[in-house]
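Visitor: Take this structure first; my questions come after.
The values are calculated or read from the model by the stated rules, or taken from the named source; none is laboratory data. For clarity, every value in this text was computed on a predicted model and none was experimentally measured. Cβ placement follows ideal geometry from the backbone for every residue including glycine, while neighbour counts extend to all protein chains displayed. The protein model used for the area step is the full one, side chains on, heavy atoms only, and it has no ligands, DNA or RNA in it. Shrake-Rupley method; radii C 1.70, N 1.55, O 1.52, S 1.80 Å.
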Amino acid sequence: MAVRVGVVVFPGTNCEHDVAEALERLGGQAQLVWHTTTSLDGLDALVLPGGFAHGDYLRPGAIARFSPVMAAVNEFARAGGPVVGICNGFQVLTEAHLLPGALQKNRGLTFLCQMVELEVASDRSALTAGLVPGRRLRVPVNHFEGNYTASAEVLAALESEGRVVLRYVTNPNGSAHDIAGVCNEAGNVVGLMPHPERASGELLGSSDGLLLLEPLLGRAAGWRGQSTSGPQLLVSGASNP
Amino acid sequence: MAEFEVLVEVQLRPGIADPQGATIERALPALGFSGVSGVRAGKAFRLRVEAAGAAEAREVAEALSTRLLANPVIEQATVSVLTLGEAGPVLG
């Protein structure tokens with residue numbers, strides 16, 4: 001049975017179909033999940049795609065964090081389910097405190113829409129499992145607020161725990177430590193500014209994004225195996241989604 | 001209960017780079033304004049809060065500022081209670 005990935009759609013999200021197509025190209029089954037949904041039963045992974053959730057009003061992700069679906073996303077993540085936030089989705093995950101830090105306006109106040117070169121910094125995450133650290137990938141970015149910021153203590157912890165997942169080879173936006181993506185302690189929640197779904201075929205100039213989405217499907221399949229064999233006890237007190 | 005006009009100012013924490021403020025500051029000399037420094041860009045919100053007193057109105061505004069109006073990772077909020085109850089003038 002194909003891995004079922006929920007693609008969360010907020011008002012203003014605009015990359016959901018691209019993400020769904022990229023996942024299905026890899027043999028996954030994508031299901032769009034509207035932001036008022038409160039049950040994520042039957043899903044093996046979640047992607048929060050890019051766009052402008054709730055118009056990016058106040059700050060990107062600040063209102064989306066209070067969408068009804070986010071309580072279920074939180075529970076899914078805490079039970080060990082793989083959750084990936086891409087671009088605006090990354091901003092939502094930081095605002096929801098599922099990932100540390102914040103995404104600030106780009107250094108130079110320039111909206112960036114370009115192909116960038118990334119380096120795999122850690123294979124600890126749901127997106128990079130199996131990729132050799134140091135490997136370079138070409139994946140485009142498309143953002144105004146992608147300048148990753150966190151306190152010195154948080155940055156030190158991310159570095160020492162192998163939770164910096166991807167770095168820019170040439171920093172385009174001022175991100176601390178050239179960070180393009182980070183993960184949580186367990187590696188199941190990952191956020192990144194570049195768009196893997198826009199590097200999902202040679203016609204798009206790169207298919208390196210598929211190298212990131214493939215491990216996600218693998219982790220989702222593994223997690224489903226666990227979740228159907230008994231209650232989730234990866235985090236004490238977490239309930240089975 | 002009375003209604004209090006509250007001003008919440010949100011700005012980046014000290015030490016967090018503010019490219020918007022820096023860009024504004026660099027533009028000032030071209031307009032003939034010299035000797036202006038320390039420009040920081042931020043946001044302002046005006047709210048009306050129903051509360052028993054000014055202290056309670058401030059508490060409510062501070063709580064919602066921390067939870068929603070500001071992202072404490074990079075921003076800080078300053079709360080000012082502008083009016084003293086229902087008969088007070090609305091400033092500004």
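Visitor: Looking only at the range B:38-76, how many residues end up being touching a residue at least 60 places away in the same chain (Cβ under 8 Å) and within 12 Å of another protein chain (Cβ to nearest Cβ)?
Guide: So the answer is 4.
Visitor: Would you mind finding the one in A:189, A:132 that is open to solvent by less than 10 Å² (accessible area, probe 1.4 Å) and either over 14 Å from the mean Cα position of the chain (by Cα) or within 21 Å of residue A:94 (Cβ to Cβ) (or both)?
Guide: A:189
Visitor: Which pairs turn up if I take residues in the range A:97-110 that are on the phi > 0 side of the Ramachandran plot and look for partners that are among the small types (Gly, Ala, Ser) and in a loop (DSSP other than H, G, I, E, B) with beta carbon separation below 9 Å, at least 6 apart in sequence or on another chain?
Guide: From the range A:97-110, the pairs are A:101/A:150; A:101/A:151; A:108/A:174.
Yes or no, residue by residue, for (1) of a type in the set (A, V, I, L, M, F, W, C); (2) modelled with pLDDT of 95 or more; (3) within 28 Å of residue A:103 (Cα to Cα); (4) over 12 Å from the mean Cα position of the chain (by Cα):
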| position | (1), (2), (3), (4) |
| --- | --- |
| B:38 | no, no, yes, yes |
| B:44 | yes, yes, yes, no |
| B:49 | yes, yes, no, yes |
| B:62 | no, yes, yes, no |
| B:65 | no, yes, yes, no |
| B:69 | yes, yes, yes, no |
| B:77 | yes, yes, yes, no |
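Visitor: What about residue A:170, is it under 19 Å from residue A:82 (Cα atoms) and assigned to a loop (DSSP other than H, G, I, E, B)?
Guide: no
Visitor: Sticking with this one: Quick one: which of A:62, A:77, A:96 is within 13 Å of chain B (Cβ to nearest Cβ), of a type in the set (Gly, Ala, Ser) and within 14 Å of the chain's Cα centre (by Cα)?
Guide: A:96
Visitor: Moving on to the next point. Given the conditions (1) closer than 27 Å to residue A:226 by Cα; (2) within 14 Å of another protein chain (Cβ to nearest Cβ); (3) open to solvent by less than 20 Å² (accessible area, probe 1.4 Å), report the number of the one that residue A:89 does not fulfil.
Guide: (2)
Visitor: Applying the selection to the range A:140-162, what residues are within 15 Å of the chain's Cα centre (by Cα) and either over 18 Å from residue B:74 (Cα atoms) or not in a strand (DSSP E or B) (or both)?
Guide: Answer for the range A:140-162, where residues must be within 15 Å of the chain's Cα centre (by Cα) and either over 18 Å from residue B:74 (Cα atoms) or not in a strand (DSSP E or B) (or both): A:140, A:141, A:142, A:143, A:146.
Visitor: OK, next. For a quick check of your reading: which strands (runs of 3 or more DSSP E) sit entirely within chain B and have at least 3 residues that are open to solvent by less than 30 Å² (accessible area, probe 1.4 Å)?
Guide: The qualifying strands (runs of 3 or more DSSP E) are B:2-12.
Visitor: Filter the range A:125-157 down to the residues that are closer than 19 Å to residue A:86 by Cα and within 14 Å of chain B (Cβ to nearest Cβ) and list them by number.
Guide: A:144, A:145, A:146, A:147, A:148, A:149, A:150, listed by residue number.
Residue by residue, here is whether (1) of a type outside the set (Val, Ile, Thr); (2) modelled with pLDDT of 95 or more; (3) open to solvent by less than 50 Å² (accessible area, probe 1.4 Å); (4) closer than 15 Å to residue A:119 by Cα holds:
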| residue | (1), (2), (3), (4) |
| --- | --- |
| A:148 | yes, yes, yes, no |
| A:155 | yes, yes, yes, no |
| A:216 | yes, yes, yes, no |
| A:219 | yes, yes, no, no |
| A:237 | yes, no, no, no |
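Visitor: Restricting to the range A:192-217, what's the tally of residues that are within 22 Å of residue A:170 (Cα to Cα), aliphatic (A, V, I, L, M) and under 12 Å from the mean Cα position of the chain (by Cα)?
Guide: Of the residues in that region, 3 qualify.
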